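Everything on this sheet refers to the single structure shown next.
Bear in mind that the values in this text are calculations on the coordinates, not laboratory data. Just so it is clear, the structure is predicted and the values come from calculations on it, not from any experiment. Glycine also receives a Cβ, built like all others from the backbone with ideal geometry; neighbour counts cover every protein chain displayed.
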Amino acid sequence: MDVLYFAWVRERIGMPKETVETKAATVMELVEELRAREERYEAAFADLSALRVAVDQDLTEFDAPLKGAREVAFFPPMTGG
Amino acid sequence: MTVRVQQPAFDLGAEANSFAAGHSEMGAMVTFAGIVRDLAQGDLDRMVIEHYPGMTERALEKIAREAKERWSLGNVLVIHRYGEMAPGEQIMMVATLAPHRKDAFEAAEFLMDYLKSRAPFWKKEFTSGGADWVASKAEDEDALTRW
C-alpha cells in the first residue's frame, strides 16, 4: 500500500511517499504501526485532531477500513483558496 | 464545467471572457480571484502551495458538480495554481455563469467555502522570520454549515 504525506506531515516524516506492507484493518491501525516505527512518525502522528486522512483520494475518518485500499494519505487541514 | 490545476499564472480577464463566450442565454457571470496577501506589509517574500495531484482534481470536480446540482448554472470554472507565488499574484479563480445573478453569486460562494477546506492544497509562507505552514481557521470549517 502506498502511504503519502503532505505539508508539515511530509516534512516531519522526511519523505513524500513510501510503500508499506501492512495487515492493518483500519486507518487507525496503520497509524499505530507507523507510530511504533520511529520517533519521527510519533512526532507526526502525535495529535490526530490536527491531521486529516484520505483513502484512495477520498477524505475519510481514522476509523475507516483499509480493505482493498491502494493509497492512504495523511496531511494537515487543507488551506486552499 | 472546467477544473484546472496548474503552476503557471492565468489571465483572469481572458479566462472570464472565454468562459462566458457563446452563452448569450446566461445573464449573469460572477468571478472571484484569490490573491497572495502580505499580511505583515512587506514581510512576505513568497508563498508556496503544495497539493495532492489526482485527489485535487477529484475534489474540485466533486465540488463543482455539486454546485451545478444545487443551483441553476450554465457553467462553472475553477482554476487553482500550485508552486511558488509572489505577493499580489493570483492564486486561484472561480467563475459561475447563470441565467440570474443570485444563482451565480451563491454558487461562487459555495465553491469558495468548500474549496478552502475540502480541496487538498496547503500554503506555506516564507517571511524574513522563516517559513510557516498556514493554519486552517475554525471559521473556514464553520462556513460549510450554512450550505
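When the listed pairs A:LYS67/B:LYS62; A:LYS23/B:LYS68; B:LYS62/B:LYS137 are checked against a 29 Å cut-off, the alpha-carbon distance exceeds it for A:LYS23/B:LYS68. Near A:GLU11, once Lys and Arg are set to +1 and Asp and Glu to -1 for all other residues with Cβ below 13 Å from its Cβ, the sum equals +2.
Based on Cα contacts under 8 Å between residues 6+ apart, the stretch B:1-82 shows a relative contact order of 65 percent.
A Förster distance of 22 Å, applied to the separation of the beta-carbon atoms of B:ARG65 and B:ALA21, puts the FRET efficiency at 0.50. Pairs of Cα atoms nearer than 8 Å and 6+ residues apart set the relative contact order; for the stretch B:30-135 it is 40 percent. Partner shielding of B:99-109 amounts to 0, given as the average count of beta-carbon atoms from other chains within 10 Å of each residue beta-carbon.
The protection proxy used here, the mean number of other Cβ atoms lying within 10 Å of each residue, ranks peptides B:7-14, B:60-67 as follows, highest first: B:60-67, B:7-14. Averaged over peptide B:118-127, the number of partner chain Cβ atoms lying within 10 Å of each residue's Cβ comes to 5. Counting, for every residue in B:49-55, the Cβ atoms of other protein chains within 10 Å of its Cβ and taking the mean gives 5.
Can you figure out the FRET efficiency of A:THR26 with B:VAL134, using R₀ = 41 Å and their beta-carbon distance, to the nearest 0.05? Show your work: numbers first, answer last.
Working: r = 30 Å, r/R0 = 0.73.
Step by step, r from the Cβ atoms, then E = 0.85.
What whole number of Å gives the distance from the Cα centroid of the stretch B:21-62 to the Cα centroid of the stretch A:20-46? Each part reduced to its Cα centre gives a spacing of 34 Å. No solvent, one uniform scatterer per C-alpha: report log10 I(q)/I(0) for the protein assembly as shown via the Debye equation at q = 0.10, 0.15, 0.17 1/Å, two decimals. With one equal scatterer per Cα and no solvent, log10 I(q)/I(0) is -0.51, -1.03, -1.21. Any idea what angle helix B:55-70 forms with the longest principal axis of chain B, computed on alpha-carbon atoms, 0 to 90 degrees, nearest 10? In chain B, helix B:55-70 runs at an angle near 40 degrees to the longest axis. Placing pseudo-labels 7 Å out from each Cα toward the beta carbon at A:ARG12 and B:ALA14 gives an inter-label distance of 4.2 nm. Here the peptides B:115-122, A:71-78, B:50-57, B:68-75 are ranked by packing, the mean other Cβ count within 10 Å, and the order with the highest first is B:115-122, A:71-78, B:50-57, B:68-75.
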